[in-house]
Structures are given as C-alpha cells and as structure tokens.
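Asks: Got a structure for you, questions after.
The values are calculated or read from the model by the stated rules, or taken from the named source; none is laboratory data. Predicted model, so just to flag it, every value in this text is computed and none were measured. When we count neighbours, we look across all protein chains shown, and the Cβ atoms used for this are built from the backbone with ideal geometry, even at glycine.
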Amino acid sequence: MNLYLGVFGHTALDVILKVPNLPEKDSSIAVESRVVRYGGTAANIARAAAEMDVDVSLASFVGDDFPEDYLNSLKESGVCTYDLKNMEGYNTPTCWIVNDAKGEQITIIDQAVMDHAESFELATRTMNECDILHIGTGKPDYYEKIFERTDSEKKTIAFDPAQELEYVYEPSTFEKFLRKSDYFFCNKKELKVALNYLNEDTPQGILKYVDTLVVTKGAEGSSLYLSDEKVDIPAYEPQEVVEPTGAGDAFRAGFYAGLDRGMPLVECCKTGSARASFSVECSGPQDNLVNWEEVRDRFEKID
C-alpha cells in the first residue's frame, strides 16, 4: 500500500483550561472552563488531512490508558494506524493547555511514553510506504535514526519540531536535521529560536538549509519563503474565535491537502489558512473536522 503522507509525533490527550489571564509567577488564578479533548500534533495533522482525502499514516506511541474511542475515531477518519503503537506499561502523553481571554497560551506536557521513543522499534512501514515524512514533536534520538535510514531513500522530509525546538533540541542537532530536510515549518516564536540556533539574522538564512520555509503567524496568516521570493498569505477570518489550540496543525493538514493535489506552494499555504480557520471556531483540535470541499470554498475567498 502506497501512502502520500507519514506523520511522526505525538498522539495525546489535551486538557484545555480557560482562564481570564495567564497567571504571574508564584500566583494563582481560577479556571473558567475545562474540557478534555483528543489531541497531539501528529494525530491532529493526520486526522485533519485524512478527512480531506489525503492518504496518511500516523506514527506515534501511546500507553495503556489510550482511549479505544480515540483509536476508532482515527480509523473512521481514514488514518492508517498500523504504526500507532500501544506500549504496555506506559501512559499516553497528556497536555495541559491554558488559554486566556487575549488568545495567549501556555502548554505543560507530560511526555509519558514518548519520552522513551528511542528505545522502541522504528515505524518502518510509515517510512517505507509514504512519499512525504512529516517529522514533528518527539525525541531527537528517535528521529536521528529515521533521518539516517532515509538518507539514501530520497524521501521528501518536512521538519516541524514546534514548541519542542526551544527545550528539547540542541542547536547542533537542529542544524543537522534541518540540513536533511526539504521543508521547515514553524511559528513566529519558533522562528526566533531557529535563527538564534543557526546564528542567522533573517528568515531567508534558513534557506541555506532547506528549500522551503513556512512560518505561521496566527491571525496575521503565514509567510512562505523560497530561494527567490517571500510571499505573505493572509488568514481567512473565521466566523468566531473560540480558542487557538490545534490551528497550526490544521494549517499543516490543509497545506498537505493542497500539495497532494499538485497545487503551487502559495496555494498550499492558502488551503492551510482556510483549514486553520475552521479549527479556531471550536474548543478542541479535532472537534471541527471538515472535508476538502468545505476547505476549498474558503480557500477561494482568500485574496
């Protein structure tokens, strides 16, 4: 079986808390609301992409407490879960996501089983059967094995360590992985970290290492950097903003849905913006699943 996209990273449970404002150090604040949602960056991307008819495999580790309903929902969306491995004796990663009224966010994560990924077998089926490998959050020691394995296989690799870039990666490891990648995804904050690690002054400096840089900027849209140009892509204005969790993952899913259909990279970023707009209209990263036709409709309204 040949698949288009293989997504490596977290499958997690998200505990989403809403507060009036993020607390200062050594202070407390009351929670206004609490919900538990299915999440994890890799699972979010994979499920959203599958709902848009992208053939996608999810490569991730979960624990004994992984809900069967979550597994079934991934399968029902069309995600190949062969490499979603349930590891006996471990817990499933859990994120506590705190959002305030201004849209600012902090996240606390228990890596759980993913903290031991380097001791587990590689997800070889995803590596072998997928055209594009999206390397997301997770242990660099595990991903180093994947990069080594794919060196001679000419796989297209997108590197997207997300928030873990700042506290999981050493600059030397980041640079090594970046040199082996074709795409680099990040948000504005992660871009600053990347530039600092590489001793570069501008985003264009990252193009010394990869062919394509995609920077997501929330309500400001996104920026696409190529060797000869920079293109700013506006966001699609959502009907309402409930909370931002998973919007970046939704953007990536939309990007791949466009890429899978042979669309130019600028249009892929527009499909990413269109897909992300649905995500912020709900309270969980997998709560507002939409098909390609719905995304295409919003895509056509982006200037």
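Asks: Out of the residues in the stretch 73-113 that are part of a loop (DSSP other than H, G, I, E, B), modelled with pLDDT of 95 or more and of a type in the set (G, A, S), which is farthest from A49 (Cα to Cα)?
Replies: In this case the residue turns out to be G89.
Asks: D53 versus (1) touching a helix residue (DSSP H, G or I) at 6+ places or on another chain (Cβ under 9 Å); (2) within 23 Å of A162 (Cα to Cα): which is the lone unmet condition?
Replies: Condition not satisfied by D53: (2).
Asks: Just the residues that are closer than 16 Å to A43 by Cα, acidic (D, E) and either modelled with pLDDT of 90 or more or in a helix (DSSP H, G or I) (or both), please, taken from the stretch 275-303.
Replies: Answer for the stretch 275-303, where residues must be closer than 16 Å to A43 by Cα, acidic (D, E) and either modelled with pLDDT of 90 or more or in a helix (DSSP H, G or I) (or both): there is none.
Asks: Residues of the stretch 1-37 being crowded, with 22+ Cβ neighbours inside 10 Å and in contact with a Leu (Cβ under 9 Å, 6 or more places away or on another chain), which ones? Walk me through how you get there before you give the answer.
Replies: Keep residues of the stretch 1-37 that are crowded, with 22+ Cβ neighbours inside 10 Å, which gives 5-14, 16.
Across the stretch 1-37, the qualifying residues are L5, G6, V7, F8, G9, T11.
Asks: Still on this structure, please answer the following. For A50, are the conditions met, namely being aliphatic (A, V, I, L, M), assigned to a strand (DSSP E or B) and surrounded by 14 or more Cβ atoms within 10 Å (Cβ to Cβ)?
Replies: Answer is no for this residue.
Asks: Considering only residues that are free of Cβ contacts under 8 Å to residues at least 24 places away in the same chain and exposed (fewer than 15 other Cβ atoms within 10 Å of the Cβ), look in the stretch 197-206 and name the one that is nearest to C269 (Cα to Cα).
Replies: Start the filter on the stretch 197-206 by keeping residues that are free of Cβ contacts under 8 Å to residues at least 24 places away in the same chain, which leaves 199-202, 205.
Filter once more, so that each one left must be exposed (fewer than 15 other Cβ atoms within 10 Å of the Cβ): 199, 201-202.
Details: N199: 27, D201: 24, T202: 20 Å.
Only one residue tops the list, namely T202.
Asks: When only residues in the stretch 193-237 that are aliphatic (A, V, I, L, M) and assigned to a helix (DSSP H, G or I) count, which is farthest from Y183 (Cα to Cα)?
Replies: Across the stretch 193-237, the extreme among qualifying residues is A219.
Asks: Every residue in the stretch 207-247 that is under 21 Å from G39 (Cα atoms), surrounded by 20 or more Cβ atoms within 10 Å (Cβ to Cβ) and at pLDDT below 95, please.
Replies: E243, T245, G246, A247
Asks: A follow-up question, please. Could you please find all residues in the stretch 93-121 being under 23 Å from E144 (Cα atoms), buried (at least 17 other Cβ atoms within 10 Å of the Cβ) and out of contact with any helix residue (DSSP H, G or I) (no Cβ under 6 Å at 6 or more places or on another chain)?
Replies: I109, Q111, A112, V113, M114
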